[in-house]
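A.B. asks: Got a structure for you, questions after.
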Amino acid sequence: MNPIACLCLFTVLGNGDAEIAPRFPAAPREEIADTLHGRQVPDAYRWLETDSAETRAWVRAQDRLLHEFILDQDGREELSEQIDRYHEGRTATMPVRAGGRWFFLRDPEGRQRKVLSMQEGPEGERRVLHDPGEDLLGSAREMQWMVPSPDGRLVAVGMGGTRGSELRLFDVDTREFREDLLEESTGFRSVSWLPDGQSLLYVIDRGLQEPEEGQESGPALYLHRLGTDQADDPRLHHEPNRELSLSARADDEGRWIVAEVLSASGSGSRVLLIATPDRRDPAGGAVIALFSREDARCRFLGSTEDSLFFWTEQEAPKGRVISYSASHPEEGQFEEVVSPFDEASAGGSTVGGNGYGLFGDRFVILYYRDGLPLVRIFGLDGELHHEIEQDVVGTIYRGFRGTRDDPLVFYEVDTAFDPGTIRSLDVHSGQDEVWAPPTNLPYDLFDFEVTHDVVEREDGARIPVLIAHRADQEPEGNAPCWMYGYGAAQWVAFAWRQPWLVSWIEQGGVYVVAGIRGGGEHGREWAEAGAGRRKPVAIDDFNAVAEWLVDRGWSAPRKLVADGWSASGSLAAAAVQRRPDLYGAALIGLPTLDLIRAPHYRFAGEAYEREFGDLDDAKDFAVMMSWSPYHNVQPAEYPATLVWCGELDASTPPLHSYKYVAALQAAQQGPAPICLQLIRGAGHSLGRNQEQTVATTTVQLSFLRKALGMPLDP
C-alpha cells in the first residue's frame, strides 16, 4: 500500500461565489472485484474496510481537509454558542396516572439528572419523591423511565449508567426503594404491571449484538413477583431470532398477557395470548397463537369484560380495529369494529409509538391526511364521535397517554421550532386544549412558520411537504433550501426542533421535509411503493420535490441541499448522482452506501432485504446495482458534499462513508469540495452528548454556508 499523501489545498476562484478548487488525500485504487449472478462488481477501495494504519492515516488527512475548508470562516465560535443556546427550552412531562396519583419524571431547571415527582390528582401540589442528585447508590446512575403500579403505591424505575441497567421498585408512601433489584447489562424493555399490582412483566432484548457465553440470542419475556429474587423469575416466552422485537402487557381484567412479536422489517407480526399466573395450570398454562402474518401487523389496544381489541392491517392496508372474544379467543375469529378510512392510521408507524389506544371506553386512533395528523375518536361500537385536527403544522409525537377508566388523554405536538407542547383531550366531549406549552425558549415561536403543501407526481402520487421558514419570508426564488427526505421503514417523516436548523432558518435558510414513498405517510402501500425493487421510485420522488421547490420559488438550482440520514443517506446520495446539477450541496449522514458489501459488516437480515433487496435474488441484485451509490459514482461535476459518520456505528459502519468519499473525490470534475466528517466515539448519532452534537452541527452548518456562499452571521 502506498503511503497516504494529503494535499489539503483550497483556492478561492475570485468570482464572489464559494467556488473551491479541491485537492484531495490520495486513495490508491485496487484491482478487486466480486462476481455475483455472473456480473463483475469492482471494489477499488475495499482496503478502507479494514482498520489499518493506512486507513487511519487517510481518515486523519480527511479531517484536515474538512477543517481547512471551513478554517477561514469568521463567526464559527458565535455559531457554536448559538446552537448550544438553542438547545434550551423545556418541554413539560406528560403525567402518568395511577391510583388517583399523577407521576412525572423530568429534568429540573439547571440539572442534568431527572427527578421523580408526584401530585394527588389534577389539582394537587406537585412534590419530589426522589432526587438522585449527582450520585446514586455509589454510581453515576440516573432514572431513565418509570412505570407506576395500578394502585399508585409503587413505581418501577429504570436506572441507567456505565455499568448497565437496573430495574428498582420505589415505595411512594415510604419514599424508599424496596429490596427488589433486577439487573441487565443492555437494559429492560416493555415493562408493565399486572392489574393486581403484585407482579410485573419485562423483556430482556440484547438486540443484534452477539450473545455472551451462557446467554441466549433473541428477546425473552419474564414475570417478576414482588419480594422474589430475579433468578427465580419465570420466563414466559422466548424468541430465538435476535432480529425480532417482543413486547407484552396484560389485559385490563388480568386474564391474558398479550405478547406481540414484530418482524425485523416491521412488516408483519404475531400475537400470543399467555394466561396470567393465577389462571395457569401446573403444566405451564395456556398459550394461544392469535395472529400471525408476514404482511400485516397487529397491535393490542385494550379490553373489556367481553372483548380484546386490536389495531391491524390484516386485509386493511390503512388499518382498522377488530375484536376477539375474551373468554374464547381463536385465531381468525374476530369482528371488525372500526372500518378503514381513506387516510392511513399510524398504529403501525414506528414514530412515536402508540398512535392508538383505548381510553375512557373510547378508541383514539391517529391518522395522517397528506402528512398531517388527524385524531379520530370512536365508541366501542365503532361509531365515530369526534375528529381533531391540529391548529399548527406539526406531528403528534410519543402517542397518547391515558387510562381505560379516565376520559382525559394527554399527547405531545412537536414542530420544527416547538420542542413539544403537551395537549389534553377529553375523549367524551372532544375538548382539546393546550395543557403545558414549552418554557424558556431562547427565541420567539411567532418569528417562524411551518407551511404544508402537496407535490403531485405524474402517476397520481401525493407527496406531503412541510416547509419551515421565517414568518416574514416569501418564496422569492433564491433562498438556500435544506431538503430532507426519509422514505424508508414505513416511517412518517416530520419536522422536529433541531437547534442547528433554527439557526439556519433564522439566517434566511429554508428547511423542507418531504414525505416520499417508502415512508408511512399514506400507509403500508405507500411504504411498499418505495422499498426494495421500488426504491428507485423514492429516489425520483426526492428529485421531483427538489424541482417543485425551485418551480414554486422556494429555492434555485445550486441553492438546494440534499439531506439524508441513516436509511435515507443512500437515497439522498443516489438522488444527487442522478441530478448533480440540481443541488449546491449534499449532507449524507450515517449512510449505507455500498449495498453489495453491507451484509458483510452488519447483521443484515429481513429488515435490510425488505428495504434494499435480497442479494441472493438476481432481480433484486440488478436493481440494487442500478442505484447503489458507491457503485454508481461516475466522473461528473458534483456539488459540495459532506459525508458524516459515527466511529462506533454498528448499524451503518463508517467504512461505507470512507469508500464512497474516496470514490467521489476521484470522480469529482468540478471545483466543489468532497469531505468526510468522522464523529469520534459516537455511534448512530450526531454525538455522545450535547457538547459533541453542538460541535458536529457547527461544522456542518459552517460547511454548508461556505459551500452555498451564505454569510456566517449568527
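A.B. asks: With all distinct Cα pairs included, what does the Kirkwood hydrodynamic radius of the chain come out to in Å, to one decimal, could you say? List each step's numbers first, then the result.
C.D. replies: On the way: mean 1/r = 0.0369 Å⁻¹.
One over the average 1/r among Cα pairs gives 27.1 Å for the chain.
A.B. asks: From the square roots a ≥ b ≥ c of the eigenvalues of the alpha-carbon gyration tensor of the stretch 406-520, which class results: rounded (a/c under 1.5), prolate (a/b over b/c), or oblate?
C.D. replies: Working: a/c = 2.21, a/b = 1.24, b/c = 1.78.
Oblate shape, in that a/c is at least 1.5 and b/c is the bigger or equal ratio.
A.B. asks: Would you grab the residues whose amide H sits under 5 Å from the one on Arg297? Only those 5+ places off in sequence or on another chain, please, with H modelled 1.01 Å from N.
C.D. replies: Sorted by chain and number, the residues that satisfy this are Glu313, Gln314.
A.B. asks: With a ≥ b ≥ c the root eigenvalues of the C-alpha gyration tensor of the stretch 453-497, is it rounded (a/c under 1.5), prolate (a/b larger than b/c) or oblate? Let's see the in-between values first.
C.D. replies: Details: a/c = 2.44, a/b = 1.43, b/c = 1.71.
Oblate.
A.B. asks: Let me ask something else. For Asp617, what charge total do you get from the other residues with a beta carbon under 11 Å from its beta carbon, if Lys and Arg give +1 and Asp and Glu give -1? Walk me through the intermediate numbers first.
C.D. replies: Values: positive: Arg533, Lys619; negative: Glu609, Asp614, Asp616, Asp620.
With Lys, Arg at +1 and Asp, Glu at -1, the neighbours total -2.
A.B. asks: Also, quick follow-up: What do you get for the angle between helix 655-667 and the principal long axis of the chain? Use alpha-carbon atoms, 0 to 90 degrees, nearest ten.
C.D. replies: With rounding to tens, the tilt is 20 degrees.
A.B. asks: Here is a follow-up. Given a 1.4 Å probe and every protein chain left where it sits, what share in percent of the accessible area of the stretch 318-408 is carbon and sulfur?
C.D. replies: Heavy-atom surface of the stretch 318-408 belonging to carbon and sulfur, 1.4 Å probe: 41 percent.
A.B. asks: Quickly rank 693-702, 217-226, 381-390, 568-577 as a protection proxy: mean count of other C-beta atoms within 10 Å, highest first. Let's see the in-between values first.
C.D. replies: Values: 693-702: 21.9, 217-226: 19.3, 381-390: 13.4, 568-577: 27.4.
Sorting 693-702, 217-226, 381-390, 568-577 by mean packing, highest first, produces 568-577, 693-702, 217-226, 381-390.
A.B. asks: Shifting gears a bit: Per residue of the stretch 176-183, in order, report the coupling 6.51 cos²θ - 1.76 cosθ + 1.60 (Karplus, θ = phi - 60°) as ³J(HN,Hα) in whole Hz, putting x for Gly and Pro.
C.D. replies: Taking θ as phi minus 60°, the curve returns 9, 7, 6, 6, 4, 9, 10, 10 Hz for the stretch 176-183.
A.B. asks: Given the DSSP H assignment, sum -39500 (n - 2.57) over each helix run of at least 4 residues in the chain and divide by its residue total; what's the result at 222 nm in deg cm²/dmol, nearest 500? Walk me through the numbers on the way to the answer.
C.D. replies: On the way: 10 runs with 116 residues, N = 714.
After summing the helix terms and dividing by residue count, I get -5000 deg cm²/dmol.
A.B. asks: So for the chain, averaging the separation of alpha carbon pairs under 8 Å that are six or more residues apart and normalising by length, what relative contact order in percent results?
C.D. replies: On the way: 1735 pairs, mean separation 70.9, N = 714.
Result for the chain is 10 percent.
A.B. asks: Oh, and also: Checking the cross-link filter: which lysines have an alpha carbon closer than 24 Å to that of Lys619, excluding same-chain neighbours under 8 positions apart?
C.D. replies: Lys619 reaches Lys535.
A.B. asks: Along the three principal axes, how long is the stretch 222-273 when you take its alpha carbons, biggest first, rounded to the nearest angstrom?
C.D. replies: 39, 27, 11
A.B. asks: Here is a further query. Under a straight-distance cross-link criterion of Cα-Cα below 26 Å, which lysines are reachable from Lys706, leaving out those fewer than 8 residues away in the same chain?
C.D. replies: Reachable lysines: Lys559, Lys659.
A.B. asks: Could you order peptides 654-660, 266-272 by the average number of other Cβ atoms within 10 Å of their residues, highest first? List each step's numbers first, then the result.
C.D. replies: On the way: 654-660: 26.4, 266-272: 21.7.
Sorting 654-660, 266-272 by mean packing, highest first, produces 654-660, 266-272.
A.B. asks: Hey, what do the phi angles of the stretch 73-78 turn into as Karplus ³J(HN,Hα) couplings, whole Hz, using 6.51/-1.76/1.60 and θ = phi - 60°, x for Gly and Pro?
C.D. replies: 7, 6, x, 5, 5, 5
A.B. asks: Rounded if a/c is under 1.5, else prolate if a/b is larger than b/c, else oblate: which is the stretch 372-422, with a ≥ b ≥ c the root eigenvalues of its Cα gyration tensor? Could you put the intermediate results ahead of the total?
C.D. replies: Values: a/c = 3.33, a/b = 1.66, b/c = 2.01.
Verdict is oblate for the stretch 372-422.
A.B. asks: Stokes-Einstein at 25 °C, 0.890 mPa s, Kirkwood radius from Cα pairs: D for the stretch 573-698 in µm² s⁻¹?
C.D. replies: Approximately 160 µm²/s, per Stokes-Einstein.
A.B. asks: Please calculate how many Å² of accessible area the stretch 445-529 carries per residue, with a 1.4 Å probe and no DNA, RNA or ligand atoms counted.
C.D. replies: Working: 2810 Å² over 85 residues.
With all protein chains present, the stretch 445-529 gives 33 Å² per residue.
A.B. asks: Of all the accessible heavy-atom surface of the stretch 566-641, with the other protein chains kept in place and a 1.4 Å probe, what percent is carbon and sulfur? Don't skip to the answer; put the middle values down first.
C.D. replies: Numbers: 1080 of 2300 Å².
Reported share for carbon and sulfur atoms: 47 percent.
A.B. asks: For a quick protection proxy, order the peptides 392-401, 171-180 by their average other-Cβ count within 10 Å, most packed first.
C.D. replies: Working: 392-401: 20.6, 171-180: 13.3.
Put in order of decreasing packing, that is 392-401, 171-180.
A.B. asks: How large is the accessible surface per residue of the stretch 245-316, computed with a 1.4 Å probe and reported in Å² as a whole number? Walk me through the intermediate numbers first.
C.D. replies: Working: 2590 Å² over 72 residues.
Per-residue accessible area for the stretch 245-316 comes out at 36 Å².
The values are calculated or read from the model by the stated rules, or taken from the named source; none is laboratory data. Computed from a prediction, not measured in an experiment: that's the story for all the values here. Cβ sites come from the backbone with ideal geometry, for glycine too, and all protein chains shown count toward neighbours. These area figures cover heavy atoms from the full protein model, side chains too; ligands, DNA and RNA do not enter into them. Shrake-Rupley method; radii C 1.70, N 1.55, O 1.52, S 1.80 Å.
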